Amino acid sequence: MAATGYALLIVLMPLAGFVVLGLAGRHHLKRSAGWLATALMSVSAAAALLLAWHYFFVQNALGRSLEPAEVFRFRWLSFSPSLYVDMGMHLDGLSVMMLVLVSTVSLLVHLYSVEYLRSEERYTSYFAFLQLFTFSMLGLVVSVNLFQIYFFWELVGVSSYLLIGFHYERPSAVSAAKKAFVVTRFADFGFLIGILIVGFSSTSFDLNTLFQTNCHVDAAREELFLGMSAITWGTLLMFMGGAGKSAMFPLHIWLPDAMEGPTPVSALIHAATMVVAGVFLVARLFPLYEVAWLTADVVTVIGLTSSLLAAIIACTQTDIKRVLAYSTMSQIGLMLFGLGLAAQGASREAGYVGSQFHLFTHGFFKALLFLAAGVVIHRVHSNEVSDMGGLRRTLPLTHLVFLIACLAISGIPPLSGFFSKETILLAAASHPFWYGLALLVSALTAFYMFRLYFLTFWNKPALPKSEPELPTASERLAYGFPLVVLAVATAVNGFIPFGLFVAPDGRPYPVHASAAAWLPPVGAALCGIAVAAWGYARASERPQELARRFGAFYSVAYRKFYIDELYAYITRRIIFGKVGRSAAWTDRQVVDGAVNQAGWLIQQWSLLMKCWQSGRLQGYAFWFFVGAGLLAVVLLLYSPN
Amino acid sequence: MDVLNFLLITASGLFFIGVYGFLTRRNLLTMLISAELMLNGAALNLVAFNRYRWPEELDGLFLAVFIVAIAAAEAALLIAIVLRLYRNTRSVDVSDITELKH
């Protein structure tokens, strides 16, 4: 019973905050909205930690198999005895881990935002949206039903739209919010069809029923369309939704633009609430992905492609938040790569545990990177790295935590990123080609993160545009506390025996890696760091030289491989220009034309008829007599006798 | 030419004189008289057929009496209308009466 209480508390606190702040906040809670929301979130986060303790240590003994538990369920829609939609809370290692991650990161982001957005006009709305965002993600991770996932999935989409477009007076923010919404919504179209296919072929939307009755295995054997089974089609289409939310190639175009949102929102989107939803989806439906042979390959390839692509683009960008955005895309790609490998079956446990472990550690260090970047941006009033430089003296704490996060994301032991990335690489070890590519991504990650680090905190100090304002005491607290907590989490999380908590089927999987397996990734990361230090630690001509060496490839990467332009070409020229215009012509000429022609015909006819209605009595009488006469003639001629 | 034919020709003559008058005259009173002519032409037909075809029946005569009664009522009504119209428009010309259209 305790678990039910904790679980309900976790999810309902942000919902209550959203309702209260959304309804009453504008007039009554102008000043205290931030603290109220933070207080609610801290209750939620505390409940999440208690729930985790309860679930892992009281309900289950650590090191043994974890039993999934259902703490809450009610029937939302009922169509037939076998077809229904439930809402509820499903607890297993995965969902408890996500609850802890989401509520903790969200709490720290809330705390940070209390000061960061202090001067905003729509301070209370911001916190209301933030609470809604957190609630959506928390509801998503405990789903018991495919439709519950979809429901909260869309809520995540809508609240991210509200937050990315928070500065709606800026046209760029509006278009970024629209782009994020349209791209993810387009992907969700595939998701919905996937849900329907899976539900239809296995006659249930309920996750427990799906996994326990093994009907998905039977459904996977029968061919549905184009030689692929219903499960393959369903999981492929659902992965389309996941790729949209997780910003995987080729649906990643919204992610860099989403940097228009306030920086804490970026931290939340990238660390815990939105982009990891796709990874969570694949992990949650892992039994389905395992039996769909093609989808696992697609997930692997898309994951690695996105990872490599994003890493290359990140090396060329100059906007601090965009570099971080592409690094997120790269890391999420790695997670999906690991999950894909696991679903292929060869390294089932290592891939699954590694990707979830990486999701967990990445959540903390990516939130840390964004919040630290927020402090830097606040200081220099610019996102461009050229306006930064030499900040290690003026922002010592930020410098320290940023360095910790950079080391973690690069995979340097003993920080958390090393352990999680190492596990993913372990899963890839049996495929030399993919292992090589993943190593390359690893090296590139280290390079661009340290390029960013050196450009921001070392290098030549840029001339300040305006007099930097000194942080107040409350700002120090509100910025410093989340940064320190996240830095500690980043440093020590790697020592969690993660495989005991989250593993496929709940069976614990202790990760063992030999020192020989450690060497290549660490070596690759060190190479990346060394190159970054060589190029960017001091102001020099080396970066330009390096860029010139790569020539056209550099400029193509700088323009993000022209994918945005390709999309613009497809939408503007082909869809709007050709399809849209011909559809508009058809509408105007054929559809409207038919209606107009019909109207015109009736009009002409009535004009003709109008002449008869002269209003002259004798005219009518004349026609009456003519008619009567004609009738008489007809009767005379055709009478029977 | 027997009497019946003579009567029928007379009746149709009356009727068509009435039609002609109704269609050509603009004066409402003249049109009223023309309408009476048409009615009487029809009534004469009925009487003639009754007398020379079915002398033992009385249907045609009754019908004719009805027509006379109705014609009297109709004439009274129409003359009242014409008088009202004349009061309002100072005219009994049918083409001047346009106010009832709407």
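The values are calculated or read from the model by the stated rules, or taken from the named source; none is laboratory data. Here the structure is a predicted model, which is why all the values come from computation and not from measurement. Cβ placement follows ideal geometry from the backbone for every residue including glycine, while neighbour counts extend to all protein chains displayed. When the accessible area is computed, the model is the full protein with side chains, heavy atoms only, and any ligands, DNA or RNA have been set aside. Shrake-Rupley method; radii C 1.70, N 1.55, O 1.52, S 1.80 Å.
Numbers at a glance
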item: Cα-centred dipole magnitude for chain A, charges only on beta-carbon of K, R (+1) and D, E (-1), debye, nearest 20; result: 1440
item: Candidates per trypsin sites (Lys or Arg not before Pro) in the range A:385-456, loop by DSSP, up to 12 other Cβ within 10 Å; result: A:R393
item: Per residue accessible area in Å² of the range B:1-72, where ligands, DNA and RNA are left out and the probe is 1.4 Å; result: 65
item: FRET efficiency for B:A73 and A:I602, using Cβ-Cβ distance with R0 set to 41 Å, rounded to 0.05; result: 0.45
item: Options B:N50, B:L63, B:M31, ranked by Cα towards positive dipole end of the range B:3-96, top entry (Cβ charges); result: B:M31
item: Contact order relative to length of chain B, as percent, for alpha carbon pairs under 8 angstrom and 6 or more apart; result: 27
item: Cα→Cβ-extended label distance, 7 Å offset, between B:F6 and A:L630, nm; result: 3.8
item: Per-selection Kirkwood Rh - the protein assembly as shown (Cα, Å, 1 d.p.); result: 31.3
item: Segment A:V19-A:V174, extension gain: residue separation times 0.36 nm, minus the distance between their alpha carbons; result: 53.3 nm
item: R0 of 56 Å, Cβ-Cβ distance A:I575-A:A61: FRET efficiency to nearest 0.05; result: 0.50
item: Estimated inter-spin distance, A:T305 and B:I33, nm [label 7 Å along Cα→Cβ]; result: 10.3
item: Loss of accessible area when B meets A, both sides summed, Å² nearest 100, probe 1.4 Å; result: 700
item: Extended-chain gain in nm, criterion 0.36 nm per residue less alpha-carbon gap, A:S582 and A:L49; result: 186.1 nm
item: Burial order of peptide ranges A:524-531, A:317-324 (average beta-carbon count within 10 Å, highest first); result: A:317-324, A:524-531
item: The range A:235-331: relative contact order in percent, alpha carbon pairs under 8 Å with at least 6 residues between; result: 34
item: Positive-end residue of A:G629, A:W612, A:V492, charge dipole of the range A:486-641 with Cβ unit charges; result: A:W612
item: Theoretical FRET efficiency, 1/(1+(r/R0)^6), r = Cβ-Cβ of B:R26 and A:C611, R0 25 Å, to 0.05; result: 0.75
item: The range A:611-641 versus the range A:225-275: alpha-carbon centroid distance in Å; result: 79
item: Inter-label distance for B:S91 and A:E384, nm, one decimal - labels placed 7 Å from Cα along Cα-to-Cβ; result: 8.8
item: Potential extension, A:R476-A:L400 segment - 0.36 nm per residue separation minus Cα distance; result: 25.9 nm
item: Counted charge near A:H399, where neighbours are those whose Cβ lies closer than 14 Å (Asp, Glu -1; Lys, Arg +1); result: +3
item: Relative contact order (%) - chain A, alpha-carbon pairs under 8 angstrom, separation at least six; result: 12
item: Apportionment of accessible area to carbon and sulfur, the range A:146-298, percent (1.4 Å); result: 68
item: Debye, to nearest 20: dipole size of the range B:3-96, +1 on Lys, Arg Cβ, -1 on Asp, Glu Cβ; result: 380
item: Complex-versus-alone comparison for the range A:616-631, residues with a loss of 40 Å² or more in accessible area, probe 1.4 Å; result: A:L617, A:Q618, A:F625
